[in-house]
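Participant: Let me give you the structure first, and then I'll get to my questions.
The values are calculated or read from the model by the stated rules, or taken from the named source; none is laboratory data. Remember, predicted model here, so these are calculated numbers, not experimental data. Glycine gets a Cβ as well: all are built from the backbone with ideal geometry, and neighbour counts include every protein chain shown.
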Amino acid sequence: MRTLQRSRHEAIGLDIKDSLFTQRVGSITDRDFVKASMQGVEVVLHAATLHKPHIATHTRQEFVDVNITGTLNLLEEAVTEKVRAFIYTSTTSTFGRALTPSMQEPAAWITEEVLPIPKNIYGVTKVAAENLCELFHHRSGLACLVLRTSRFFPEGDDNRSVRQSHEDDNLKVNELLYRRADIADIVDAHLLAMDKAPAIGFDRLIISATTPFTRNDLPELRTNPAGVVERYCPEFAAEFAKRGWSMARSIDRVYVNERARSALGWEPRYDFRAAVRRLRAAEDYRSPLAIAVGSKGYHSQVFADGPYPTE
């Protein structure tokens, strides 16, 4: 919404909380609210969801209500209003157990062809919502793109051992190699998807920072990520050493964004190499948009052990 309000588009922000970027306050589970909000709309950007951080604080029924029924409400009203594009913000979490091979196996090469194996109610409901999008494309001709976004939130990792193993910025820069994107690149992908969806029709696309790795690197990434990274970005070692940072001990998956770059003409700017260049220049590795948005959190309360409770 920050970006759209500065664009040629007339943007209407829907949210359950009021803000400078919210024009209508309500829930997508409310069909009448969705119907009223859809009047005159040409494009829907659907990012409303209960997330993984809500699993321990919300019921499975609430996940179904928001992530599935809410999506159904939007899709049905979008078809009635004859919108020209529907962009659904999904997640790489849909891949679930496919993301974690055993230590004896190479890192997983995650493309759109990998079969999702959801491991929690979040993943189950996001896959179901994706399937609804596909159904509405095939039954109603709705142009719909599903963007499976990787991590782009600023909160700390929910795993205590991970938080203790690296400084937060160190961890996030490492993740740009294989499982993270900057919010500015996420936004760019959505804006491109708005324009490209009518010509594409339907697709699922992984939205993550461009990895330097190839399939040939997958076995070594499990045991020697630093050695692999040094081949592609040798300057990282000195910069990390200066900061007391370290590379991940093991990398278990690599998100591949090639299809999204090709289909959308998307050129993500905030990858690992770019982060190292900015660090060497004493600049913030994050985009100005990421800095401006900051951390919104997922809950109104603060938890003693981590950014949010886990299952």
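Participant: Quickly run through the stretch 141-168 and pick out the residues that are of a type in the set (S, T, N, Q) and within 23 Å of residue 112 (Cβ to Cβ).
Facilitator: 149, 150
Participant: Moving on. For the stretch 135-143, indicate whether the set of residues that are in contact (Cβ under 8 Å) with a residue 12 or more places away in the chain and under 17 Å from the mean Cα position of the chain (by Cα) is non-empty. Reasoning before the result, please.
Facilitator: Taking the stretch 135-143 and keeping what is in contact (Cβ under 8 Å) with a residue 12 or more places away in the chain, we get 136-138, 140, 142-143.
Among the residues that remain, those that are also under 17 Å from the mean Cα position of the chain (by Cα) are: none.
No: the stretch 135-143 contains no residue that is in contact (Cβ under 8 Å) with a residue 12 or more places away in the chain and under 17 Å from the mean Cα position of the chain (by Cα).
Participant: Within the stretch 56-110, which residues are among the basic types (Lys, Arg), over 14 Å from residue 137 (Cα atoms) and in contact with a strand residue (DSSP E or B) (Cβ under 7 Å, 6 or more places away or on another chain)? Walk me through it before giving the result.
Facilitator: Residues of the stretch 56-110 that are among the basic types (Lys, Arg), as a first pass: 60, 82, 84, 97.
Filter once more, so that each one left must be over 14 Å from residue 137 (Cα atoms): 60, 97.
Hit for the stretch 56-110 is 97, nothing else.
Participant: Please indicate, with yes or no, whether at least one residue in the stretch 155-175 is under 22 Å from residue 29 (Cβ atoms) and among the polar types (S, T, N, Q).
Facilitator: In the first step, residues of the stretch 155-175 are kept if they are under 22 Å from residue 29 (Cβ atoms); the result is none.
Scanning the stretch 155-175, I find no residue that is under 22 Å from residue 29 (Cβ atoms) and among the polar types (S, T, N, Q), so the answer is no.
Participant: Test residue 186 against the stated conditions and say whether it is under 18 Å from the mean Cα position of the chain (by Cα), without any contact (Cβ under 8 Å) to a residue 60 or more places away in the chain and not in a loop (DSSP other than H, G, I, E, B). Even if it seems obvious, please write down each step before you answer.
Facilitator: Details: under 18 Å from the mean Cα position of the chain (by Cα): yes; without any contact (Cβ under 8 Å) to a residue 60 or more places away in the chain: yes; not in a loop (DSSP other than H, G, I, E, B): yes.
Criteria met by residue 186.
Participant: In contact with a Lys or Arg (Cβ under 7 Å, 6 or more places away or on another chain) and either surrounded by fewer than 14 Cβ atoms within 10 Å (Cβ to Cβ) or of a type in the set (Asp, Glu) (or both): is that true of residue 42 in this structure?
Facilitator: On the way: in contact with a Lys or Arg (Cβ under 7 Å, 6 or more places away or on another chain): yes; either surrounded by fewer than 14 Cβ atoms within 10 Å (Cβ to Cβ) or of a type in the set (Asp, Glu) (or both): yes.
Spelling it out, residue 42 is indeed in contact with a Lys or Arg (Cβ under 7 Å, 6 or more places away or on another chain) and either surrounded by fewer than 14 Cβ atoms within 10 Å (Cβ to Cβ) or of a type in the set (Asp, Glu) (or both).
Participant: Ok, one more. Considering only helices (runs of 4 or more DSSP H) fully contained in the stretch 213-311, which possess at least 1 residues that are surrounded by 18 or more Cβ atoms within 10 Å (Cβ to Cβ) and of a type in the set (Gly, Ala, Ser)? Before the answer, list the steps.
Facilitator: Details: elements: 218-221, 225-232, 236-243, 258-264, 272-280, 288-293.
Because the criterion is at least 1 residues that are surrounded by 18 or more Cβ atoms within 10 Å (Cβ to Cβ) and of a type in the set (Gly, Ala, Ser), the helices (runs of 4 or more DSSP H) in the stretch 213-311 that meet it are 258-264, 272-280, 288-293.
Participant: Considering only the stretch 225-234, I want to know if a residue exists there that is of a type in the set (Lys, Arg) and under 30 Å from residue 131 (Cβ atoms). Steps first, please.
Facilitator: Restricting attention to the stretch 225-234, the residues satisfying the condition of being of a type in the set (Lys, Arg) are 231.
Retained after the next criterion (residues that are under 30 Å from residue 131 (Cβ atoms)): none.
The answer is no; no qualifying residue exists.
Participant: Let me ask something else. Among the residues of the stretch 95-131, which ones are over 15 Å from the mean Cα position of the chain (by Cα), surrounded by fewer than 16 Cβ atoms within 10 Å (Cβ to Cβ) and farther than 20 Å from residue 64 by Cβ?
Facilitator: 97, 100, 101, 102, 103, 104, 105, 113, 115
Participant: Follow-up question, since we're still on this one. Kindly provide the set of residues from the stretch 1-18 that are exposed (fewer than 12 other Cβ atoms within 10 Å of the Cβ) and touching a strand residue (DSSP E or B) at 6+ places or on another chain (Cβ under 9 Å), ordered by number.
Facilitator: Correct list: 17, 18.
Participant: Something else about it: Hey, any hits in the stretch 48-65 for a residue that's at pLDDT 95 or above and over 25 Å from residue 298 (Cβ atoms)?
Facilitator: no
Participant: Any residue in the stretch 67-81 that's part of a helix (DSSP H, G or I): show its pairings with residues that are of a type in the set (Phe, Trp, Tyr) and surrounded by 20 or more Cβ atoms within 10 Å (Cβ to Cβ) at Cβ separation under 6 Å, as long as the two are six or more apart or on different chains.
Facilitator: Partner pairs satisfying both residue conditions: 75/136; 78/86.
Participant: Right, something else. Could you list, in sequence order, all residues of the stretch 82-121 that are in a loop (DSSP other than H, G, I, E, B) and in contact (Cβ under 8 Å) with a residue 40 or more places away in the chain?
Facilitator: Taking the stretch 82-121 and keeping what is in a loop (DSSP other than H, G, I, E, B), we get 82-84, 100-107, 111-116, 118-120.
The answer is 83, 84, 100, 101, 103, 105, 106, 107, 111, 112, 120.
Participant: On to the next question. Go over the candidates 165, 140, 150 one by one and state the one that is among the hydroxyl-bearing types (Ser, Thr, Tyr) and in contact with a strand residue (DSSP E or B) (Cβ under 8 Å, 6 or more places away or on another chain).
Facilitator: 150
Participant: Could you go through the stretch 2-23 and let me know if any residue there is over 20 Å from the mean Cα position of the chain (by Cα), at pLDDT 95 or above and either polar (S, T, N, Q) or assigned to a helix (DSSP H, G or I) (or both).
Facilitator: Looking through the stretch 2-23, at least one residue is over 20 Å from the mean Cα position of the chain (by Cα), at pLDDT 95 or above and either polar (S, T, N, Q) or assigned to a helix (DSSP H, G or I) (or both).
Participant: Filter the stretch 28-54 down to the residues that are assigned to a loop (DSSP other than H, G, I, E, B) and touching a strand residue (DSSP E or B) at 6+ places or on another chain (Cβ under 9 Å) and list them by number.
Facilitator: Result: 28, 38, 42, 47, 48, 49, 51.
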